[in-house]
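Student: Before I ask anything, let me first share the structure, which is written out below as structure tokens.
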Amino acid sequence: MRVKREVFLTNFTNGSDKMKIGILTAGGDCPGINAAIRGVGKTAILEYGMEVIGISAGFLGLINQEYVTLDENQLSGILTVGGTILGTSRENPFKKSASFNTIDKPKLIRKHYNELGLDALVCIGGNGTQRTAALLAEEGLNVVGIPKTIDNDVFGTDVTFGFDSAVWIATEAIDRLHSTANSHKRIMVIEVMGHHAGWLALYSGIAGGGDVILIPEIEYKIETVAKCLKKRAINKKPYSIVVVAEGIPRPREMSAAQYIGNGIKELTGLETRETILGYIQRGGSPSPMDRVLATRYGAYAVELITSKKFGRMVCLKGNEVTSVPLKDVGGKLRLVPNNDPLIEKARKMDICFGSGS
Ligand code: F6P
């Protein structure tokens with residue numbers, strides 16, 4: 001029989017002899033969230049005898065008081081499941097809106113947090129979520145953040161879970177487009193997610209053998225893209241693969257794939273087709289790497305709570321799971337540096353990023 005290491009906060013508020021923690025998941029879903037919930041929940045319950053409350057639909061659940069007690073059985077069988085068992089929303093309680101002056105959402109959240117008797121709140125989410133978590137920490141809540149997103153753009157961590165799974169999904173799609181591109185001798189333009197950061201386009205583009213990779217961080221010229229593709233055609237390359245991030249500069253009324261595809265057709269006359277991968281990249285079972293990372297993050301979040309290190313976000317530095325202050329990461333983006341070693345290597349292999357002339 002395992003002995004639980006029950007821990008108590010000296011200032012715990014819930015009136016019971018157990019610590020009580022809440023978990024919420026906010027922002028866009030991604031593979032691995034359930035693995036993180038399981039990592040938090042099982043460590044909290046089995047190692048420390050805590051009570052774990054699942055909060056529905058991100059910060060909305062704290063505003064509307066929608067919660068469920070998570071016992072160990074509910075945390076079993078979710079490791080491989082995509083999405084989030086708690087539901088999610090993009091609710092930002094600090095956003096100024098028409099109702100902002102009538103409903104003080106941060107105040108409501110504080111009230112419901114106290115009424116629930118929470119000793120700590122774990123917020124699993126991307127940049128927006130970590131910013132909200134930082135503000136709630138400033139308001140005195142015991143908050144711990146866990147970074148997730150397929151975009152991999154959370155500041156303060158080397159990697160977010162969800163990213164590896166999305167790279168797999170996008171790479172598999174690009175692999176499949178290779179064979180149809182070759183059969184028809186066409187240019188294939190593939191649009192992957194990434195509004196601000198091009199990590200997913202860069203990694204899936206390299207993994208999928210992309211000939212052109214366009215990311216929001218590198219200024220491109222459609223003329224340069226056309227020149228690269230014409231050069232390939234002259235060099236008897238029968239087809240080309242162009243990977244574009246959805247967030248590259250373009251007219252808003254057109255998708256990135258459409259805009260680049262149109263430009264290529266116009267300037268090269270080569271037969272071109274477009275594919276937008278969309279939400280497929282966020283769905284389904286997490287990769288083994290993401291399952292491991294999410295589990296490590298989840299377990300470490302509980303360690304932060306037991307050592308009362310609040311107002312921090314779990315992160316990966318090298319191969320070490322550690323933490324950074326939420327106030328230092330909230331609201332910032334981790335973008336691809338123009339001199340990223342992968343970009344430098346790719347350029348030497350004649351992979352075109354659309355820059356220069
Ligand atoms: O979660 C990040 C992200 O996948 C972005 O790449 C994408 O632009 C965005 O979410 C879209 O999410 P939604 O349509 O769910 O708001």
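The values are calculated or read from the model by the stated rules, or taken from the named source; none is laboratory data. What you are looking at is a predicted structure, and each value in this text was computed from that prediction instead of being measured. A quick note on method: Cβ atoms are made from the backbone with ideal geometry, for glycine too, and the neighbour counts reach across all protein chains shown. Just so you know, the surface numbers come from the protein's heavy atoms only, side chains and all, with ligands and any DNA or RNA stripped out. Shrake-Rupley method; radii C 1.70, N 1.55, O 1.52, S 1.80 Å.
Student: Residues to consider are L326, L342; find the one that is in the same structural domain as P249 (by TED's automatic domain parsing) and hydrophobic (A, V, I, L, M, F, W, C). Lay out the reasoning, then the answer.
Tutor: Numbers: L326 fails: in the same structural domain as P249 (by TED's automatic domain parsing).
From the options L326, L342, the qualifying one is L342.
Student: Right, another one. Filter region 202-220 down to residues that are in contact with a strand residue (DSSP E or B) (Cβ under 7 Å, 6 or more places away or on another chain) and part of a helix (DSSP H, G or I) and give me whichever is farthest from the ligand (Cβ to nearest atom).
Tutor: G205
Student: On to the next question. Name the residue that is farthest from the ligand (Cβ to nearest atom), counting only residues in region 176-201 that are without any contact (Cβ under 8 Å) to a residue 60 or more places away in the chain and touching a helix residue (DSSP H, G or I) at 6+ places or on another chain (Cβ under 9 Å).
Tutor: This residue is A201.
Student: While we're here: Scan (1) away from the ligand (no atom under 14 Å from the Cβ); (2) over 16 Å from V242 (Cα atoms) for the single condition F161 breaks and write down its number.
Tutor: Every listed condition holds for F161 apart from (1).
Student: For residues that are in contact with a Gly (Cβ under 8 Å, 6 or more places away or on another chain) and under 25 Å from K332 (Cβ atoms), tally how many sit in region 73-109.
Tutor: Selection size over region 73-109: 5.
Student: Can you tell me which of (1) open to solvent by 30 Å² or more (accessible area, probe 1.4 Å); (2) outside any helix (DSSP H, G or I); (3) within 16 Å of the ligand (Cβ to nearest atom); (4) of a type in the set (A, V, I, L, M, F, W, C) is the one I150 doesn't meet?
Tutor: (1)
Student: Could you count how many residues in region 35-62 are open to solvent by less than 20 Å² (accessible area, probe 1.4 Å) and away from the ligand (no atom under 16 Å from the Cβ)?
Tutor: The total comes to 15.
Student: In region 311-328, which residues are touching a Ser or Thr at 6+ places or on another chain (Cβ under 9 Å) and open to solvent by less than 30 Å² (accessible area, probe 1.4 Å)? Break it down into steps so the answer makes sense when it comes.
Tutor: Residues of region 311-328 that are touching a Ser or Thr at 6+ places or on another chain (Cβ under 9 Å), as a first pass: 312-317, 324.
Within region 311-328, M313, V314, C315, L316, V324 meet the criteria.
Student: Quick check on my filter: what residues within region 243-299 are in contact (Cβ under 8 Å) with a residue 40 or more places away in the chain, aliphatic (A, V, I, L, M), more than 14 Å from the ligand (Cβ to nearest atom) and out of contact with any Ser or Thr (no Cβ under 7 Å at 6 or more places or on another chain)?
Tutor: Those that are in contact (Cβ under 8 Å) with a residue 40 or more places away in the chain, aliphatic (A, V, I, L, M), more than 14 Å from the ligand (Cβ to nearest atom) and out of contact with any Ser or Thr (no Cβ under 7 Å at 6 or more places or on another chain): I260, L267, L270, M289, L293, A294.
Student: So in region 63-75, with the set limited to residues that are in a helix (DSSP H, G or I) and open to solvent by less than 70 Å² (accessible area, probe 1.4 Å), which one is nearest to I45 (Cα to Cα)?
Tutor: Taking the candidates together, the pick is E72.
Student: Scan region 182-201 for residues that are open to solvent by less than 40 Å² (accessible area, probe 1.4 Å) and within 12 Å of E246 (Cα to Cα) and jot them down.
Tutor: Once the filter is applied, which keeps residues that are open to solvent by less than 40 Å² (accessible area, probe 1.4 Å) and within 12 Å of E246 (Cα to Cα), region 182-201 yields V189, I190, E191, V192, M193, G194, A197, G198, W199, L200, A201.
Student: Still on this structure, I have one more. Hey, among L135, L141, L108, L121, which residue is away from the ligand (no atom under 16 Å from the Cβ), modelled with pLDDT of 95 or more and in a strand (DSSP E or B)?
Tutor: On the way: L135 fails: in a strand (DSSP E or B); L141 fails: in a strand (DSSP E or B); L108 fails: in a strand (DSSP E or B).
Checking each option against the conditions leaves just L121.
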